[in-house]
Structure formats: structure tokens, C-alpha cells
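Okay, structure first, notes after.
The values are calculated or read from the model by the stated rules, or taken from the named source; none is laboratory data. Treat the numbers as computed from the prediction; the structure is a model and nothing was measured. In this analysis, Cβ positions are derived from the backbone assuming ideal geometry, glycine residues included, and neighbour counts consider all displayed protein chains.
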Amino acid sequence: MARRLTSLAGLVVSAFLVAGCGVIDQVIPVSDAIPDAEPAPEARLSPVDYRALPGWPADVLADGMRAFVTSCPALAKQPAGRALGYRPEHGTMDDLQRICSRATQIDTQSNVQLRAFFERNFQPYLVTANTRSDGKFTGYYEPLLRASWQRGQRYVYPIYSRPRDIVVVDLENFDPDRRGEQLAGRLVDNRLVPYFDRGAIEQGALSGRRLELMWTDDPINLFFLHVQGSGRVLLPDGSFVRLAFSGRNGHRYTSIGRELVAQGIMKLEDVNLFTLRNWMRGNPLAAQRLMRRNRSFIFFRVAKDDTIRGAQNVPLTPGRSLAVDPKHIPLGLPLWLVTTDPLDPQSQRPLRRLVVSQDVGSAIKGPIRGDLFWGFGEAAESRAGLMNEIGSYYLFLPRPSRPTS
């Protein structure tokens with residue numbers, strides 16, 4: 001979802017359009033959905049010149065550099081000889097660690113110096129799969145909901161902390177090809193069985209165990225918090241706390257958007273955060289049944305600081321942090337994103353910028369797939385809720401030589 005946002009932040013359109021099984025012990029990227037049934041093709045990397053990057057001279061690279069530098073402390077903790085990714089051309093950690101050291105010497109106010117820094121230290125590669133360079137790009141953000149530490153009046157819907165009896169199994173320990181995959185369940189008569197699903201939990205399966213962390217006033221907003229994985233909470237006294245992802249029950253995610261499409265209630269092209277939320281508010285009883293079709297359930301904890309962190313456990317930068325599939329794109333690397341602005345789909349206004357792979361998500365699967373973090377607030381919600389764009393990206397890998405900046 002290493003922790004994924006933290007906010008499962010934002011409602012990613014794909015979280016409703018794709019089905020979902022995710023990482024149990026990681027912060028889920030905002031998209032909590034099941035991977036495609038067919039295995040994704042391998043990524044193919046084709047080196048290109050910087051002149052081939054659409055819009056490269058126009059970006060404000062200081063924003064991208066700030067995001068890249070936040071990854072450096074996490075990279076510095078890794079063994080220098082450790083592989084950066086799963087392919088030889090990805091290089092090793094020490095390649096990236098040396099570039100991080102050079103980054104501290106750059107004048108971040110000078111776009112000329114920043115362009116020279118990236119061009120000297122990184123080689124861009126166009127990412128393709130099955131000869132295609134286009135893929136799906138969605139967005140996520142940090143949602144806001146109202147809650148109280150105590151149950152009472154309108155605050156009657158519990159937000160649960162993680163139960164201690166959840167058992168997590170790392171499948172990589174049994175099959176090296178299942179790296180990053182997990183199962184979760186509970187022990188009954190020394191046998192691992194599935195954990196309680198959403199319906200069972202909402203009907204009291206966890207009652208009496210003092211797992212209620214907080215109480216909120218809106219079951220629909222609570223459901224979207226589960227989809228996002230984390231969010232910001234407004235308390236009755238006007239203060240705020242952040243809730244971070246703490247675990248999940250291990251059941252696969254069922255897309256409520258796809259359920260409504262299958263029932264003929266909505267058209268696929270009309271499904272987004274806002275149309276789903278409006279339909280659910282207008283049909284509360286049907287919405288409750290619909291939400292329970294998603295058996296996946298998320299547990300939370302109160303964040304210790306005011307920082308939203310992704311799977312790399314570094315602060316996320318709005319508009320610059322990208323959730324990727326780590327089986328194809330290593331974390332901590334810059335990418336050049338080429339897509340369209342979700343707020344201006346008719347004119348196909350370009351969205352071309354430097355982003356950094358700092359998060360993951362259970363719905364983010366495949367060589368060309370990304371989920372862009374937009375931050376907090378109405379503008380972030382609008383972009384994340386509407387973003388469902390076709391685009392491509394170029395992966396920046398450390399050059400084999402070690403130039404000085």
C-alpha cells in the first residue's frame with residue numbers, strides 16, 4: 001500500500017473500478033483494489049534523450065527536486081550494494097546514494113542548475129509493455145471526516161484499531177516469486193482461517209474488545225476513509241488528528257463502482273468519487289448493502305506527527321509523489337510523467353512534470369500504472385476524485401558513470 005499513505009488519501013477512481021487485494025502490513029496506496037487476473041507484462045526500458053521528454057524545459061523542477069530529496073534519508077539507510085530494483089539496469093543503492101549527496105550542493109532556485117543536475121546524473125528510459133507506452137493514471141488525496149473520541153449523539157460509527165489476533169503470512173517465505181504478497185487471517189484450532197469480513201465486523205464481531213479508536217458520524221465518509229487508507233479527522237473541539245493505516249483484514253476488495261455498472265445503475269465512464277458519493281447518499285439502505293459487498297476492512301492508528309508518509313516511509317509531496325507497482329518501478333526514483341489534467345479533460349490540457357516513486361497501492365499493478373498524490377483540501381479532492389487519465393512515463397535511472405553535478 002512500508003506504509004502507504006496514509007491517507008489512503010484520496011479517493012482514487014481506480015479504487016472503485018478495479019477489484020482489490022493488497023498488502024496487509026503496508027500502508028495501502030490509496031487505491032485498494034484487486035490486481036488483474038492475467039499477469040502483467042514485463043516492463044521494457046528504452047533509453048531516450050532528454051529532448052524526447054515532452055515539456056521537459058517547462059517544469060518547475062524545484063518541486064520535483066524537493067520530493068526526490070525527501071527519499072534520500074530512506075535510501076541512505078539501505079546497504080550500498082543492495083539492488084535498486086529487480087533488473088540489472090536499475091543499478092544499486094550506492095548509485096542513488098551518491099546522487100543524493102550531490103543534490104545537497106544544487107541551487108534549487110535555479111531551473112538551469114536543476115535541469116543540468118538531472119541530465120548529468122540520470123538517464124531517462126521510456127517504459128513500455130507489449131510495445132505500448134500508455135497506461136492508466138489515477139489520483140488520491142487526504143480525506144477529511146468528523147469524529148469523536150467518545151460514542152454519543154451523532155458519533156455512532158466506530159473506527160477500529162488493529163486487532164492483535166490477525167496473523168500475517170509473507171508468501172515470499174514460501175515462494176520467492178511471491179515477493180511483497182501477504183495473507184492475513186486468524187488461528188482457530190491451530191488452523192489459519194479468513195479474518196472477519198466487513199459485514200461481520202459491522203454486525204459486532206469485534207465488539208467488547210476495546211478496539212474502537214474513535215467514532216464518526218457518517219458511514220459513507222468512513223467507507224471512503226477505508227478506501228483511502230488514512231485521513232484527517234476534525235474533532236468536536238475544532239482540533240485535528242490524523243489517522244494512519246494500521247492493517248487490514250485480508251479480504252479482497254470489491255469495487256462498488258463496478259458493482260453499480262454491473263447492475264446497470266451507472267455507466268462505466270460516469271463512475272468517479274462524486275457520482276458514487278451522491279448515489280450512496282440518495283440511496284442509504286442500498287448503499288449499506290453495497291458497501292458490505294466489499295469484504296475488505298481497514299484498521300487505523302493515530303499518527304504520531306503531522307506528516308503524510310507513503311510506502312517508502314518518507315513525507316509525500318502533493319502533485320509530485322507517485323504510487324507505482326514496485327515489481328516494475330523501484331521506489332525513490334524520479335520519473336517524467338506525461339498525462340492530462342483531470343480538471344480539463346475536454347481540451348486535453350497536458351500534465352507533464354517530474355514525480356518520484358514513493359508509494360504503492362494494491363490497485364496499482366502493472367508496468368505503466370500510477371496514482372498521483374494531490375494533498376489535502378477541496379482542490380486536491382477534485383483532482384483525485386476525477387483523475388482517470390491515459391498517460392505514460394519515463395523512468396530516470398542513475399547513469400553508470402558518476403559525474404559531478
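Things worth noting here:
- Criterion applied to 63, 49 was being touching a Ser or Thr at 6+ places or on another chain (Cβ under 8 Å) and of a type outside the set (Lys, Arg), and the one residue passing it is 63.
- Residue in region 251-262 that is small (Gly, Ala, Ser), buried (at least 19 other Cβ atoms within 10 Å of the Cβ), out of contact with any Leu (no Cβ under 8 Å at 6 or more places or on another chain) and part of a loop (DSSP other than H, G, I, E, B) present: no
- Test: residue 200 is among the aliphatic types (A, V, I, L, M), surrounded by 12 or more Cβ atoms within 10 Å (Cβ to Cβ) and assigned to a helix (DSSP H, G or I): yes
- Residue check for residue 205: in contact with a Phe, Trp or Tyr (Cβ under 7 Å, 6 or more places away or on another chain), modelled with pLDDT of 95 or more and hydrophobic (A, V, I, L, M, F, W, C): yes
- Filtering region 122-156 to residues that are assigned to a strand (DSSP E or B), in contact with a Gly (Cβ under 9 Å, 6 or more places away or on another chain) and closer than 30 Å to residue 240 by Cα leaves 138, 139, 140, 141, 142, 144, 145.
- Any hit, region 152-175, residues being loosely packed, with under 14 Cβ neighbours inside 10 Å, modelled with pLDDT under 90 and under 19 Å from residue 360 (Cα atoms): yes
- Residues in region 157-190 that are part of a loop (DSSP other than H, G, I, E, B) and either more than 18 Å from residue 297 (Cβ to Cβ) or outside the structural domain of residue 218 (by TED's automatic domain parsing) (or both): 174, 175, 179, 180, 181, 189, 190.
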